[in-house]
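Q: This is the structure I want to talk about, given as structure tokens.
Nothing in this text is a laboratory measurement; each read-out follows from the coordinates by a stated rule. Note that the structure is predicted; figures quoted are calculated from it, not measured. Glycine gets a Cβ as well: all are built from the backbone with ideal geometry, and neighbour counts include every protein chain shown.
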Amino acid sequence: MNERIEDAPSWLYDEFQHAGVDYANIDVAKKYESRHLKFRDFEAEFERIRERADLKRSDVVLDLGCGTGAFAIPASRYCAKVYAADVSAPMLGLLRQKITEQKIENIETFAAGFLTFPTLPEPVDAVVSSLALHHLPDFWKVVALKRIADALKPGGVFYLSDVVFHFPVETWREGTQAVLDAMESSAGGEANAHIAREYSSFDWFLEAAFERVGLTVEQKIDDAAFIRVYVCRKK
Ligand SMILES: C[S@@+](CC[C@H](N)C(=O)[O-])C[C@H]1O[C@@H](n2cnc3c(N)ncnc32)[C@H](O)[C@@H]1O
């Protein structure tokens, strides 16, 4: 079931149809899980996010583009409550399976994305999003960031980790190729599709967008040649 917003205009970008790599396919979702487990350590990633975003045990957090729960599962063991949203039914299905198997009671999942996640019962302490915002074209990214800022408490944290371009515009061809080469050596098969069919942005575009929606960048970290982390605070 999709938690689409009730008064959504007919022209709202259909994020369920444009998830890039075909995450609507169960085999893709299963392969994603097994491939990412080979080069990622979800617990260590959570610890890094917890430290950087200064998450507290009492925090209520929202994970957007949660996938199979790379962040949501470890976060549920530390934070008071985790809302987890994704537009892919198979990815959410794998997360829900883990929730049941591990008898987790503090994760609430939504079949929804950046543009359609519902108004939550309470403003959240933190929004976390890893490797997902690049699925939206730039205009819709700004709409998504505005919705994120609105979902946060004043002083709340937005933690974004994503593929972000930070080469000069003039060297777009070499810059993009360098990103692709770096991605191929870690993420393998996803790299070409990422560049050709998804929507990573320049850093200066994202930074202007954060400012516009009332999010102040407090930390800017390059976790890899192509992965940029922003820790932002709502004013
Ligand atoms: C590369 S995976 C990342 C999953 C997870 N955050 C992780 O770190 O493993 C990208 C995820 O973004 C989801 N996605 C794509 N478009 C989205 C949107 N508009 N809103 C929310 N999630 C979206 C996909 O379904 C997929 O689960």
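Q: How long is the gain from Lys146 to Arg77 if the chain were fully straight, where each residue apart is worth 0.36 nm and the alpha carbon distance is subtracted?
A: Working: separation 69, 0.36 × 69 = 24.84 nm, distance 2.86 nm.
Length gained, Lys146 through Arg77: 22.0 nm.
Q: How much mean residue ellipticity at 222 nm does the chain get from its helices, if each DSSP H run of length 4 or more adds -39500 (n - 2.57) and you divide by all residues, to the nearest 500 deg cm²/dmol?
A: Numbers: 8 runs with 92 residues, N = 235.
So the calculated ellipticity at 222 nm is -12000 deg cm²/dmol.
Q: Turning to a different aspect of this structure: Looking at this model, which pairs from Lys30/Lys81; Lys103/Lys235; Lys31/Lys235; Lys30/Lys153; Lys56/Lys141; Lys38/Lys220 are more than 32 angstrom apart at the alpha-carbon?
A: Numbers: Lys30/Lys81 26 Å; Lys103/Lys235 36 Å; Lys31/Lys235 40 Å; Lys30/Lys153 35 Å; Lys56/Lys141 27 Å; Lys38/Lys220 26 Å.
Result: Lys103/Lys235; Lys31/Lys235; Lys30/Lys153 exceed 32 Å.
Q: Here's another thing I want to ask about it. Note down the nm distance, to one decimal, between modelled labels 7 Å out along Cα→Cβ at Lys235 and at Glu174.
A: Placing both labels 7 Å beyond Cα along the Cβ direction yields 3.8 nm.
Q: Mark the label point 7 Å from the Cα of Glu101 along Cα→Cβ and return the residues of the range 32-64 whose backbone N is within less than 20 Å of it.
A: Only 32-46 fall inside the zone, counting backbone N under 20 Å.
Q: When you take every Cα atom in the chain, what is the radius of gyration, and what is Dmax, the widest Cα pair distance, in Å?
A: For the chain, the Cα-based Rg and Dmax read 16.7, 52 Å.
Q: Rank by packing, highest mean first: peptides 142-154, 31-43, with packing defined as the count of other Cβ atoms within 10 Å averaged across residues. Display every interim value, and only then the final one.
A: Details: 142-154: 18.3, 31-43: 13.3.
Sorting 142-154, 31-43 by mean packing, highest first, produces 142-154, 31-43.
Q: Okay, moving on. Calculate the spin-label point distance for Ala196 paired with Asp222, positioning each point 7 Å from the Cα along the beta-carbon direction, and give it in nanometres.
A: So the label points at Asp222 and Ala196 sit 2.7 nm apart.
Q: Next question. How high is the relative contact order of the chain, in percent, with contacts defined as C-alpha pairs under 8 Å that are six or more residues apart?
A: On the way: 395 pairs, mean separation 46.6, N = 235.
Relative contact order of the chain: 20 percent.
Q: Share of antiparallel DSSP beta bridges in the chain, in percent to the nearest 5?
A: Numbers: 14 of 34 bridges.
About 40 percent, rounded to the nearest 5.
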